[in-house]
Amino acid sequence: MSEMKKIKNLKEFSTSADRFEGANLLCPGCAHSIIVREILNATNDPLVLSASTGCLEVCTAVYPYTSWDASWIHIGFENSSTAIAGAEAMYKTLKRKGKLPASCEGKSPKFIAFGGDGATYDIGFQWISGCFERGHDMMYVCLDNEVYANTGGQRSSATPIGSSTTTSPAGRVSYGEKMNKKDMVQIMAAHGSPYVAQVAPNKWKDMIKKIQKGFATEGPVYINAMSACTTEWKFAPDDTIAISDLATDSLVFPLYEIENGTKLTITYRPKNKIPVRDYLGAQGRFKHLFKPEYEYLIDEWQKRVDDYWEYLQRREEAGV
Amino acid sequence: MAEKMELNEVEVWDGNMAASQALRQAQVDVVAAYPITPSTPIVQNYSSFLANGYIDGEFVMVESEHAAMSGCVGAAAAGGRVATATSSQGFALMAEVLYQASGMRLPIVLTVVNRALAAPLNVNGDHSDMYLGRDSGWIQLDAFNSQQAYDLTLMAFRIGEDHSVRLPVMVHQDGFITSHTAENVKPLSDDEAYAFVGEYKPMNAMLDLAKPVTYGVQTEEDWHFEHKARQHADLMTKVFGKVEEVFEAFEEKTGRKYNIVEEYMMDDAEVAIIALGTTVETAEMVARMMREVGIKAGVVSPRLFRPWPYEQIKKALSKVKAVACLDRSSPNGALGALYNEVTASLYQSDNRPVVTNYIYGLGGRDFTIDHAKEIFKELDANAKEGRPTTPLQQFVGLRGPKLSFY
């Protein structure tokens, strides 16, 4: 039987035992550590974890140290999903054969893979798709900071239009990234995954609820977690939660879930919807958009966010 | 419980079936695999065993060979017996993860049905994929026929999984010539085979929840070298003894004798061919023919390609006057790999035979009795002259003008 943790307030949260240690090398203000900690703290069940090459990996397992007080594996950039699927397959076999280690008998370990947006939207896409098609009992968490942050801020297919990155820099004749962000949440829902959700660490109650729902779900669960990046989004390290609030309250990052590939539910409706302009203006990566010649991009962005919100609401109403 | 399969004393199996049966009998806990010619029948046979109740492990049909080896690494780190099969392009796609598997010291068994590497695309057997794997930190065993593919696959588990070794093992067989040729194979019964392979003994299992482990750490200039050197040192010092021990145990059980370097009529041989794979049997047959015309011919074949058996090769060639190293892979800008390894082995030897290199059989091009005869005759001339009478590197069976170097 699964054992979910009951967390009612932030104090209970902060006093929870850590299986992800604070001793790590992530940037001050990095949302990765907040998200990972919230996820691991959502259950008392044992954990078997994997991570793709990326910020989380290079900052938490530098020999001879480890930040993980749970079994953890990193293979490469593209295959944290398949690594944990392999471990899950081994668990199933050994359980069936009665050969589980004594410490594992009668337990319900949760198998979780972490990857950044580069590892998820780009290089590891095929591996994730394969794992979801095969129906492994696992959770895949994308720590979505919309950029290859570990290697110095190159664009990924999660990088939003207009963002200045080191491989899509704003310049004399360019406003930065030219492509719209790939809609990974819908793509994963289209795999028929039993549970897919978008979460943000500032809305921690919503997030824990979804993570616990994901843990209680049998089969492959996809979580897209917005991870505001102080270094590449260019905001002060103590503004991580404030920026995250701007993202969720402007609906640039709408919070919703999709069950069994079709049933969409919006889980957060901002009381005071703020303009996209305010979200963009708080980050250095969008600074150039506020030049007169690029103002139209901000208007287009607002329209895109409004249209998508409309789409989400209509799908919710329709129940499909 | 998986159902047992009743086997005849002698079965008619091709190399793929021989390897499939060995995987089944080893009761592998997780196989993650992706089909590719010519090893596809291994994946198909295994699926059929599963569909008929002969397998109780997990069989994960992944979406690529890279994913196959990724799944194998995750499964092996979790703590159980793991194996898969591949060839050629699939092997090349796996390459990244092969290094990860050996670097994490995970004893996965990989059956490689050797095939050429594109371009141009080619599905037939040569040793390009085997050679691609030679720096990957895996143990590489080479089978020359179906019986050996069966025997060595069983032995591979016992070698790699031993706690003194803890390294992944490839068992190679030649694409089509071995993999698709039905031959008589004497199997062990299911019970005997499993008893020989033994129970998997986990070490640092991720599923041992009382003792969490971190796999796949980051090491830079401070520790990376020590990890790599330790792995290399274990390959150089711990594998030979374990392989010999397992070969001996297998001989005791079956009467079939294996050696780290196989020698054929080498006691009094003056000239020798060194080769891998099915070519070994052709060369042995021709060596007998050459003796009828007065050439004292022999054949040497490394059963273990990695770690490379320097001492055993040196010993096997301690009396010959001329040696031909036959490489079934394009060296693309160098002398062949076998030539390089063999000459390095001989450099410290008191005996310094004339050594020449032949590139042959690429993309499945036939290597015939006449080819082998011609090589032995050239070796005989080299032995008599005490120097190379031919260019150092030649191509066998190649259309067009004769191609040779040095």
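The values are calculated or read from the model by the stated rules, or taken from the named source; none is laboratory data. Model, not experiment: these values are computed from the prediction. Cβ: placed from backbone, ideal geometry, glycine included. Neighbour counts: every protein chain shown.
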Discussion item. Quick check on this structure: which one of B:Gly137, B:Gly90 is away from chain A (no Cβ under 14 Å), surrounded by fewer than 24 Cβ atoms within 10 Å (Cβ to Cβ) and closer than 24 Å to B:Ser330 by Cα?
Written reply: B:Gly137
Practice prompt. Within segment B:187-238, track down each residue that is surrounded by 13 or more Cβ atoms within 10 Å (Cβ to Cβ), at the interface with chain A (Cβ under 8 Å from one of its Cβ atoms) and hydrophobic (A, V, I, L, M, F, W, C).
Written response: B:Ala205, B:Met206, B:Leu207, B:Leu209, B:Val213, B:Val217, B:Trp223
Practice prompt. Kindly establish whether B:Tyr200 is touching a residue at least 60 places away in the same chain (Cβ under 8 Å), in contact with an Asp or Glu (Cβ under 9 Å, 6 or more places away or on another chain) and within 30 Å of A:Glu57 (Cβ to Cβ).
Written response: yes
Item to complete: Restrict the check to segment A:43-63 and report whether at least one residue is surrounded by fewer than 24 Cβ atoms within 10 Å (Cβ to Cβ), out of contact with any helix residue (DSSP H, G or I) (no Cβ under 6 Å at 6 or more places or on another chain), over 16 Å from A:Phe215 (Cα atoms) and charged (D, E, K, R).
Response: no
Worksheet item: Does segment A:163-178 contain any residue that is surrounded by fewer than 23 Cβ atoms within 10 Å (Cβ to Cβ), outside any loop (DSSP other than H, G, I, E, B) and under 16 Å from the mean Cα position of the chain (by Cα)?
Response: no
Worksheet item: Among the candidates A:Phe235, A:Phe215, which residue alone is touching a residue at least 40 places away in the same chain (Cβ under 8 Å), over 22 Å from A:Lys303 (Cβ atoms), out of contact with any strand residue (DSSP E or B) (no Cβ under 9 Å at 6 or more places or on another chain) and of a type outside the set (D, E, K, R)?
Response: A:Phe235
Worksheet entry | Any hit, segment B:166-180, residues being surrounded by fewer than 23 Cβ atoms within 10 Å (Cβ to Cβ), assigned to a loop (DSSP other than H, G, I, E, B) and either of a type in the set (Phe, Trp, Tyr) or within 14 Å of another protein chain (Cβ to nearest Cβ) (or both) | yes
Practice prompt. Out of B:Leu121, B:Leu141, B:Leu132, report the one residue that is free of Cβ contacts under 8 Å to residues at least 24 places away in the same chain and at negative phi.
Written response: B:Leu121
Worksheet item: Which condition does A:Ile187 not pass, out of (1) among the aliphatic types (A, V, I, L, M); (2) in a strand (DSSP E or B); (3) free of Cβ contacts under 8 Å to residues at least 24 places away in the same chain, if it passes all the others?
Response: (2)
Worksheet entry | Residue that is nearest to the other protein chains (Cβ to nearest Cβ), among those in segment A:107-143 that are aromatic (Phe, Trp, Tyr) and part of a helix (DSSP H, G or I) | A:Trp127
Worksheet item: Which residue, of A:Ser193, A:Ser227, is of a type in the set (Gly, Ala, Ser) and either out of contact with any Leu (no Cβ under 8 Å at 6 or more places or on another chain) or modelled with pLDDT under 95 (or both)?
Response: A:Ser193
Worksheet item: Which ones in segment B:225-242 are of a type in the set (Gly, Ala, Ser) and either under 13 Å from B:Arg306 (Cα atoms) or more than 18 Å from the chain's Cα centre (by Cα) (or both)?
Response: B:Ala229, B:Ala233
Discussion item. I'd like to check something: does segment A:30-42 contain any residue that is assigned to a loop (DSSP other than H, G, I, E, B), at pLDDT below 95 and more than 9 Å from chain B (Cβ to nearest Cβ)?
Written reply: yes
Item to complete: Considering only residues that are under 21 Å from the mean Cα position of the chain (by Cα) and assigned to a strand (DSSP E or B), look in segment A:50-105 and name the one that is farthest from the other protein chains (Cβ to nearest Cβ).
Response: A:Ala51
Item to complete: With the checklist (1) in contact (Cβ under 8 Å) with a residue 24 or more places away in the chain; (2) closer than 22 Å to B:Asp208 by Cα; (3) surrounded by fewer than 22 Cβ atoms within 10 Å (Cβ to Cβ) in hand, flag the one item A:Ile123 doesn't pass.
Response: (2)
Worksheet item: Restricting the first residue to segment B:37-60 and requiring it to be at positive phi and within 14 Å of another protein chain (Cβ to nearest Cβ), which pairs with a second residue that is aliphatic (A, V, I, L, M) and not in a helix (DSSP H, G or I) meet a Cβ separation below 9 Å and a spacing of at least six or different chains?
Response: B:Gly53/B:Ala2
Worksheet entry | Selection within segment B:268-310 - farther than 22 Å from B:Ser329 by Cβ, in contact (Cβ under 8 Å) with a residue 12 or more places away in the chain and of a type outside the set (Gly, Ala, Ser) | B:Asp268, B:Glu270, B:Val271, B:Met285, B:Arg288, B:Met289, B:Met290, B:Arg291, B:Ile295, B:Lys296
Fill in: Filtered residues of segment B:328-349 (kept if more than 17 Å from B:Pro309 (Cβ to Cβ) and in contact with a His (Cβ under 9 Å, 6 or more places away or on another chain))
B:Arg328, B:Ser329
Discussion item. Being under 17 Å from A:Ala51 (Cα atoms), buried (at least 24 other Cβ atoms within 10 Å of the Cβ), touching a strand residue (DSSP E or B) at 6+ places or on another chain (Cβ under 6 Å) and more than 7 Å from chain A (Cβ to nearest Cβ) narrows it down to one residue among B:Ala76, B:Ala68, B:Ala85; which is it?
Written reply: B:Ala76
